[in-house]
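A short reminder: the numbers here are calculations on the coordinates, not readings from a lab. It should be emphasised that the depicted structure is a prediction, and the values quoted were computed from it without experimental measurement. Heads up, the Cβs are rebuilt from the backbone with ideal geometry, glycines too, and the neighbour counts pull from every protein chain shown.
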Amino acid sequence: MTKLQIVQSQIAPYSAQLVAVSKLQENEKIMLLYDQGQRVFSENRPQELARKYNELPKDIEWHLIGHLQQNKVRMIVPIVHLIHSVDSFELAKKINAEAKLNFKKVNILLQIKLSKEESKHGFNFTELINSLQRDFWSELNNIEICGVMGIGSLTSEPSITRQEFKQLKNYFEELKSNYFKINEFKEISMGMSADFQIALEEGATMVRIGSLIF
Ligand SMILES: *Cc1c(COP(=O)(O)O)cnc(C)c1O
């Protein structure tokens, strides 16, 4: 079995989606996975995503998983399928405006901070809830809010990671029942090479895996 097939077989019982993380990988490496049937790839840098979008087959579905600066939104909106890393209301507003100019609706996830480390990007959950109560969001008709995304702490202690993923699942349920009672709000993007097994056990619907399959 290839590395991809091994990971696919570990994910299969959970019916989650494998988002291949192709950042820093050469086109040839990406094509090796493409030739095995993988069609969902993700990048953390807008420029690299745009370059690979141009160079690689057009039936690839590209996701952005890294922090997005507002001045890069224009580059990404026409070509991206899902932005996992929306971490502020201002960014969501900017994406919405650009999507409107492109006559499209852009799928996004709300990235929520899980670890105590303040440097990490993402919404503070309490602040997010407050902004939802003020109903900033309802005018954003050109974005589809499809769920949440989180990054577990860099730790060798599985119980910490599990606790963070449980927390994200709880955040998801709270947002779903109080603010997003729509079918489209269904994704929980969590888990990377080191911790995707725990993420699946805790309810991930998308796992973002790079080093393990490349
Ligand atoms: C790099 C990256 C991944 C994948 O990490 P691996 O350890 O290579 O699987 C997942 N999510 C984000 C946000 C990343 O930046």
Please compute the Kirkwood hydrodynamic radius over the chain, one decimal place, Å, based on all pairs of different Cα atoms. 17.6
Pick from 37, 152, 203: which residue has the top mean-square fluctuation in a GNM of the chain where Cα pairs under 10 Å get a spring? 37
Would you work out the relative contact order for the chain, in percent, from Cα pairs under 8 angstrom that are 6 or more residues apart? 20
Those GluC sites (Glu not before Pro) from the range 106-172 that are DSSP loop and have at most 12 other Cβ neighbours within 10 Å turn out to be 117, 118
